[in-house]
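Asks: Okay, here's the structure, questions in a sec.
The values are calculated or read from the model by the stated rules, or taken from the named source; none is laboratory data. No experiment lies behind these values; they were computed from the predicted model shown. Cβ atoms come from the backbone with ideal geometry, glycine included; neighbour counts cover every protein chain shown. When the accessible area is computed, the model is the full protein with side chains, heavy atoms only, and any ligands, DNA or RNA have been set aside. Shrake-Rupley method; radii C 1.70, N 1.55, O 1.52, S 1.80 Å.
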Amino acid sequence: MSQETRQENRAYYDEFSAWYEKERHRGYHAMLDDLEVDLLKKYAAGADVLEIGCGTGLILERIQGINKSAVGVDLSVGMLQGAIERGLDVVQADATALPFADESFDVVYSFKVLAHIEDIELALQEAARVTRPGGHMLLEFYNPLSVRYLAKRLGGPGKISDATHESAVFTRWDHPLNLPAMLPSGVSVEDFAGVRIFTPAAFVHKLPVVGSVMRRLEFIGRDSALKYFGGFLIAIVKKR
């Protein structure tokens, strides 16, 4: 990641931190977090865990107690302040230069962060470097083969504050077929999970009946054959 892009990303998320949790505890965003936490728990039990891009610590907090240890890193000081207030073990760091020794963690995961990293190959190398042999990485990418991609193209970028839109941050969309080739040697994709397969727009999760049905469908679809069409595609990667 260039120094300019790094600075832009840090400024973007420092600003976003003031709004970040505004809609995170209900509806659409709560559904996304629930899908990811449910998947993560299958791997994190009794493990040393690292979250790359932990933000304010919403997911890191939810796996406390099932894991052996959990650490989070984030580029944004603004985001980390929320995690610190939650009493979580967090460090300011760049995903392309993790401040940990080789093979430090059993599970490394990153949700909604890798899509904003320009030097993705270096970030993936770092994630693999700090993962122990036999350990897993849960790596989430933005998927162009999805309803979410179409909605973003038609609806345009959303707001993160009164003055700034999502277009202010670098964003990449990676085709599922290209993901295995992006990974470093010594690791392999075991499976995928798809998050947000059916949801046409976030507001539908605020509708009493429709929201409940959509949530149920998203849980069913996550591990089904339709997973490759998730707006957020999670590669489940094992280090050999």
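Asks: How much accessible surface does His136 have with a 1.4 Å probe, in Å² rounded to 10?
Replies: Only protein atoms counted, so the area is about 30 Å².
Asks: Whenever you get a sec, line up Arg6, Arg216 from highest to lowest accessible area (probe 1.4 Å, protein heavy atoms).
Replies: Arg216, Arg6
Asks: While we're looking at this one, here's another question. Please work out the Kirkwood hydrodynamic radius for region 162-234, using every pair of different C-alpha atoms, and report it in angstroms with one decimal place.
Replies: 14.5 Å
Asks: Tell me the accessible surface of Asp102 in square angstrom (1.4 angstrom probe, heavy atoms of protein chains only), to the nearest ten.
Replies: Per-residue accessible area (Asp102): approximately 100 Å².
Asks: Right, next: With +1 assigned to the C-beta of every Lys and Arg and -1 to the C-beta of every Asp and Glu, and no other charges, what is the dipole magnitude of the chain about the Cα centre in debye, to the nearest 20?
Replies: 880 debye
Asks: Decide, for region 119-165, between rounded, prolate and oblate: order the square roots of the alpha carbon gyration tensor eigenvalues as a ≥ b ≥ c, take rounded if a/c falls under 1.5, and otherwise choose prolate if a/b is larger than b/c, else oblate.
Replies: In terms of gyration-tensor shape, prolate.
Asks: Would you please calculate the Kirkwood hydrodynamic radius of the chain over all C-alpha pairs and express it in Å, rounded to one decimal?
Replies: After inverting the pairwise mean of 1/r, the radius is 18.0 Å.
Asks: If each of Glu8 and Val213 carries a label point 7 Å out from its Cα toward its Cβ, how far apart are those two points in nm?
Replies: About 4.2 nm separates the two model spin labels.
Asks: To continue, here is another question. Ordering Glu21, Glu61 by how much accessible area each has at a 1.4 Å probe, largest first, what is the list?
Replies: Reading off the accessible areas and sorting them downward yields Glu61, Glu21.
Asks: With both bridge residues required to lie in the chain, what share of the DSSP beta bridges run antiparallel, to the nearest 5%?
Replies: Looking only at bridges with both residues in the chain, the antiparallel portion is about 50 percent.
Asks: What list of whole percents do you get for P(r) of region 97-212, with Cα-Cα distances grouped in 10 Å bins up to the one holding the largest distance?
Replies: For region 97-212, the binned pair fractions read 11, 37, 30, 18, 4 percent.
Asks: What FRET efficiency comes out for Lys159 versus Asp102 if R0 is 35 angstrom and r is the Cβ-Cβ distance? Round to the nearest 0.05.
Replies: 0.30
Asks: Given Cα pairs under 8 Å that are at least 6 residues apart, what percent is the relative contact order of region 67-215?
Replies: Relative contact order for region 67-215 comes out at 19 percent.
Asks: So how many Lys-Lys pairs in the chain land under 21 Å Cα to Cα, not counting same-chain pairs under 8 apart?
Replies: So the count works out to 24.
Asks: What FRET efficiency comes out for the pair Asp191/Leu122, r = Cβ-Cβ distance, R0 = 35 Å, nearest 0.05?
Replies: 0.90
Asks: So, taking all protein chains as they sit and a 1.4 Å probe, how much accessible area belongs to Arg132, in Å² rounded to tens?
Replies: Accessible area, nearest 10 Å²: 70 Å².
Asks: Which of Thr164, Thr199, Thr56 ends up with the largest GNM mean-square fluctuation for the chain, with Cα atoms connected below 10 Å?
Replies: Among Thr164, Thr199, Thr56, the largest mean-square fluctuation in the Gaussian network model of the chain belongs to Thr164.
Asks: Any idea what the dipole of region 1-63 comes to, in debye rounded to 20, about its Cα centre with Lys/Arg Cβ at +1 and Asp/Glu Cβ at -1?
Replies: In debye, rounded to 20, region 1-63 gives about 140.
Asks: A follow-up question, please. Quick check on region 18-99: take the gyration tensor over C-alpha atoms, sort the square-rooted eigenvalues as a ≥ b ≥ c, and tell me if it's rounded (a/c under 1.5), prolate or oblate.
Replies: The shape class here is oblate.
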